[in-house]
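K.L.:
I have a structure I would like to understand better, so I am pasting it below and will then ask my questions one at a time.
Please treat every number below as a calculation from the coordinates, not as lab data. These numbers were taken from a predicted model, which means no experiment stands behind them. In this analysis, Cβ positions are derived from the backbone assuming ideal geometry, glycine residues included, and neighbour counts consider all displayed protein chains.
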Amino acid sequence: MKAYYQNIEFWDLITLPFYFILLYFLLTVFAKNVLLKDNKFINVYFLGLLLFYLAIGLIDFKIKLIPFFPDTKLFTAILETGRTPDNQSIGVKIGYKFLAIPIYNLSLRSIFNYFLFNVFFFQLGLIFLAGAFNRTYELKDILVQRFFLVLAALAPSIVVYSFTPLRESYFVLALGLFFYGLSRKSILNIFLVLGIVLAGILRVQLLLYFFIIIGLNYLSQLKLSRKALITLTVVLFPVVFVGLNAISKAILNIAITPKSLALFRNLQRLEYFESGVTYPEVFWSNWFDLILGFPGLFFQFLLAPFPVLIFIPFWTKIAYFADGLYLLAILFLSVLFVRYWKNYGIWFLYIGIYLAMSSFFEFHLLGAVRHRLPATLLFLGIAASSLAHYLPKYRWIFKY
């Protein structure tokens, strides 16, 4: 039996309906205020989704459905004792401690109730992300929004990580809040600030990504000509690079140089080398070496657990394999929409930058599946738009 199921008592199940009703109410309230007006669908969708997740959780208690990940024991111990080991990152010592432990106490220290909160934070982040996509492209088509939610409900990573005491639900919430704040007219707003703060206390790499996106979003709003934009980019590049290098040194303790990035990757992989799923060692002495090696890192991160640089029998890793197949389906739907990609340039830029940044730092094949989740979720808007475009005759399915 998994560590977090060992202390389950009968009263845990008695309190479950109360939390179910409370979180269902909160989800529908947020959804009706953030998303396009679609009240009937929202009511039915979130009721069905929560029942689906509740069934998975209860089945997992009796029959193992959700994998027990290596970090799960650590995070379970932190929840139950309230103490974090000194050798952990700031994201664990501060972010997880001051987010997860209060939620666990609010859950009456019941892991089932806590997992319901996990589901809630995942779905809340997705609501804000769907709302951000709607706002960015001024969408009025309800079908795009519905396909977005349905595709999100089928994401294997969200199902799996909803039932583990890890940090993924908080990451997705930070992502949704940030992009929803970014899509609003005012440059500084509560959603943007909350997203940045959450990222700052959870994972500093995500914070660095957010700062880059803010800068790009500001440039895109200047509505410069292509020539002026290229000139500005060339002029500002050295300044931006120096600034990013300083931020990287301050929050990641890594200089943005080929040798520093190679050393970081190679030291990290040594710690997990015995797992058999680390990326190959890299030898970057100059920028040319790094540029040659980058495509392999990029596509290995994007397509994990499928082989690009390394091979494992991925079909035996059922949860990771399912997530890989899901991503391929999302990418296929996005490729079908290729003729309209120019309309979604800034959104693809958001995705590409996340994948590029994460590729440099990822050194573990199975870790890549977990860390790729934000990019997968950003693809959902494009995939949903593709479905709404190519399947208009099926709109009757969603009529009441």
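K.L.:
About the Cα centre of region 1-149, how large is the charge dipole given +1 on each Lys and Arg Cβ and -1 on each Asp and Glu Cβ? Please answer in debye to the nearest 20.
P.N.:
140
K.L.:
Hey, with R₀ at 22 Å, roughly what FRET efficiency would LYS140 and ASN43 work out to, going by the Cβ-Cβ distance, to 0.05?
P.N.:
Result of the calculation: an efficiency of 0.60.
K.L.:
Starting from the 7 Å offset along Cα-to-Cβ, what nm value, one decimal, do you get for the label separation of TYR218 and PHE294?
P.N.:
2.3
K.L.:
By counting other Cβ atoms within 10 Å of each Cβ, how are TYR340, TYR180, TYR350 ranked from fewest to most?
P.N.:
TYR340, TYR350, TYR180
K.L.:
Also: Determine the gain in length on full extension of the stretch LEU309-LEU263; use 0.36 nm per residue of separation and subtract their C-alpha separation, reporting nm with one decimal.
P.N.:
14.7 nm is the gain from fully extending LEU309 to LEU263.
K.L.:
Of LYS40/LYS93; LYS259/LYS342; LYS97/LYS317, which pairs sit farther than 32 Å apart, going by alpha carbon to alpha carbon?
P.N.:
LYS40/LYS93; LYS259/LYS342
K.L.:
If I take R0 = 35 Å and measure r between the Cβ atoms of ASN253 and ILE8 in this structure, what FRET efficiency does the formula 1/(1 + (r/R0)^6) give, to the nearest 0.05?
P.N.:
The pair ASN253/ILE8 has a calculated efficiency of 0.30.
K.L.:
To continue, here is another question. Using alpha-carbon positions, what is the distance between the centroids of region 250-306 and region 1-74, in Å?
P.N.:
When both Cα centres are located, 37 Å separates them.
K.L.:
Taking the chain as a Gaussian network, Cα atoms linked when under 10 Å apart, which of LYS227, LYS93, LYS342 shows the biggest mean-square fluctuation?
P.N.:
Result for the chain, Cα springs under 10 Å: LYS227 fluctuates most.
K.L.:
Output ³J(HN,Hα) for region 338-347: one whole-Hz value per residue in order, computed from phi by the Karplus curve 6.51 cos²θ - 1.76 cosθ + 1.60 with θ = phi - 60°, and x for Gly and Pro.
P.N.:
So the J values, rounded to whole Hz, are 4, 5, 10, 4, 4, 6, 10, x, 5, 5.
K.L.:
In addition: Excluding residues on the same chain fewer than 8 positions from LYS185, give the lysines whose Cα lies under 17 Å from its Cα.
P.N.:
By straight Cα distance, LYS185 reaches LYS223.
K.L.:
If you build the convex hull over the alpha carbons only and average its shadow over all orientations, what do you get for region 161-274? Give it in nm² to one decimal.
P.N.:
Quarter of the Cα hull surface area: 9.8 nm².
K.L.:
Now a separate question. First check a/c for region 1-202, with a ≥ b ≥ c the square roots of the eigenvalues of its C-alpha gyration tensor; if it is under 1.5, answer rounded, and if not, answer prolate when a/b is larger than b/c or oblate otherwise.
P.N.:
oblate
K.L.:
Would you mind calculating the gained length between ARG109 and ASN33 on full extension (0.36 nm times residue separation, minus the Cα-Cα distance), in nm to one decimal?
P.N.:
Here the segment from ARG109 to ASN33 would lengthen by 24.3 nm.
K.L.:
To continue, here is another question. Using a Förster radius of 51 Å, what is the FRET efficiency between GLU281 and ILE59 based on their Cβ-Cβ separation? Nearest 0.05, please.
P.N.:
The value I calculate is 0.75.
K.L.:
Highest GNM mean-square fluctuation, the chain, Cα pairs closer than 10 Å: which of VAL282, VAL204, VAL234?
P.N.:
VAL234
K.L.:
Counting other beta carbons within 10 Å of each Cβ, put TYR5, TYR320, TYR19, TYR272 in order, fewest first.
P.N.:
Starting with the residue having the fewest Cβ neighbours, the order is TYR5, TYR272, TYR19, TYR320.
K.L.:
How many nm is it between the label spots at VAL242 and TYR340, if each spot is 7 Å from the Cα in line with the beta carbon?
P.N.:
4.4
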